[in-house]
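Trainee: Okay, here's the structure, questions in a sec.
The values are calculated or read from the model by the stated rules, or taken from the named source; none is laboratory data. Keep in mind that this is a model prediction, so the values were computed, not measured. Cβ: placed from backbone, ideal geometry, glycine included. Neighbour counts: every protein chain shown.
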Amino acid sequence: MKPGDTLKKFVDAAKKDTRVLGSVERYLLSRPRDKSRRTDVLHPSDMVGKDWCHRASYFHLLGKEPIKTRTTSLRLESVFAEGHAIHAKWQGWFQDMNVLFGKWYCIECEEVFWGGTDCHEGPLEYREVPLFYAPLRISGHSDGWLVGLGDPLMLEIKSIGEGTLRWECPELLAQNDYDFNKTWKAIDAPFQKHIDQVQVYMKLAELLGYENVPQEAVLIYEAKPNQDYKEFVVKKSDFSIAHLFEAAKRIVDAVNAQVPPACNIATNGCARCKEYDNE
């Protein structure tokens, strides 16, 4: 999205015939861009996508900015906020059950510590499970690590909306007449992208030397339209994600050699790496 497009959306929001919604959208469009997501690492959530472009990741690791910057909208911000709220809800329940393990921040004394909630007093903020493996420049956060519900479990929470179904299981959606509720009921296994993501998290925890690394992960799916839920348990399998770590190594090697790799998505380049076609 070009800067002029962002300005146009800002101006158009002021013209909307609404009492408050136009003002809310203008506020969201004028907020500084969130820069908390690191731009010098490979993110597991990107690596497991079917559109993960190795060439785009090369430029990403070099700190290059794409020609087009992604903008936001009231609807998009609402989608993200709802997803964050669903994550926080489940994490809060697990925290109350004293089974949530990971990195914590004490709001009162500002101490940061690793473990469970039973080893510290005071109001706590959960910082999830940070996983940064420097040799391959892979960095991510698991939604949680559960201890006390049988064997340890890596936790991943997914909010499932119509957009998720269109992207992850278009055939199943079509088979069910593009009806969300019918398609939701037909889902009897987690999506491959989500399986690969938790596999990457478990492998990273192992590579980082954590003790008692979970050998299983639980995926909790919550349907956005009706708050129905499902759970799927996935056993650790290094073999299933070996190709992702091999690709990460090739990208890091290419960065060190300053030689951009070819696009692995399309012969003439894909939409992702063409965002850097000025390089």
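Trainee: Out of all the residues in the range 98-129, which are in contact (Cβ under 8 Å) with a residue 40 or more places away in the chain, closer than 20 Å to Val213 by Cβ and out of contact with any Leu (no Cβ under 6 Å at 6 or more places or on another chain)? Working first, answer last.
Mentor: Within the range 98-129, the first condition is being in contact (Cβ under 8 Å) with a residue 40 or more places away in the chain, and the residues that meet it are 98-102, 129.
Filter once more, keeping what is closer than 20 Å to Val213 by Cβ: 99-102, 129.
Of everything in the range 98-129, those that are in contact (Cβ under 8 Å) with a residue 40 or more places away in the chain, closer than 20 Å to Val213 by Cβ and out of contact with any Leu (no Cβ under 6 Å at 6 or more places or on another chain) turn out to be Leu100, Phe101, Gly102, Val129.
Trainee: Something else: Which residues, counting only those in the range 41-62, are charged (D, E, K, R) and either under 10 Å from Ile251 (Cα atoms) or not assigned by TED's automatic domain parsing to the domain that holds Lys193 (or both)?
Mentor: Once the filter is applied, which keeps residues that are charged (D, E, K, R) and either under 10 Å from Ile251 (Cα atoms) or not assigned by TED's automatic domain parsing to the domain that holds Lys193 (or both), the range 41-62 yields only Arg55.
Trainee: Could you list all residues from the range 67-80 that are assigned to a loop (DSSP other than H, G, I, E, B) and surrounded by 15 or more Cβ atoms within 10 Å (Cβ to Cβ)?
Mentor: Thr71, Thr72
Trainee: Could you please let me know if Gly102 is assigned by TED's automatic domain parsing to the domain that holds Met202 and either among the aromatic types (Phe, Trp, Tyr) or assigned to a loop (DSSP other than H, G, I, E, B) (or both)?
Mentor: When the stated conditions are applied, Gly102 does not pass them.
Trainee: Which members of the range 157-176 meet the condition of being among the aliphatic types (A, V, I, L, M) and either in contact (Cβ under 8 Å) with a residue 24 or more places away in the chain or not assigned by TED's automatic domain parsing to the domain that holds Phe232 (or both)?
Mentor: Ile157, Ile160
Trainee: Can you tell me which residues in the range 177-220 are of a type in the set (Phe, Trp, Tyr) and touching a residue at least 40 places away in the same chain (Cβ under 8 Å)?
Mentor: Passing the criteria: Phe180, Trp184, Tyr201.
Trainee: Identify the single condition in (1) surrounded by 13 or more Cβ atoms within 10 Å (Cβ to Cβ); (2) in a strand (DSSP E or B); (3) free of Cβ contacts under 8 Å to residues at least 40 places away in the same chain that Gln95 does not satisfy, given that it satisfies every other one.
Mentor: Every condition holds for Gln95 apart from (2).
Trainee: Same structure, new question: Confirm whether Lys64 is part of a loop (DSSP other than H, G, I, E, B) and over 20 Å from the mean Cα position of the chain (by Cα).
Mentor: Values: part of a loop (DSSP other than H, G, I, E, B): yes; over 20 Å from the mean Cα position of the chain (by Cα): yes.
Here the answer is yes, as Lys64 does meet what is asked.
Trainee: A further question follows. Sort out which residues of the range 136-156 are free of Cβ contacts under 8 Å to residues at least 24 places away in the same chain and over 16 Å from Gly102 (Cα atoms), and write them in order of number.
Mentor: Within the range 136-156, Gly150 is the sole residue that qualifies.
Trainee: State whether the residues of the range 133-143 include one that is surrounded by fewer than 17 Cβ atoms within 10 Å (Cβ to Cβ) and at pLDDT 95 or above.
Mentor: Yes, the conditions are met somewhere in the range 133-143.
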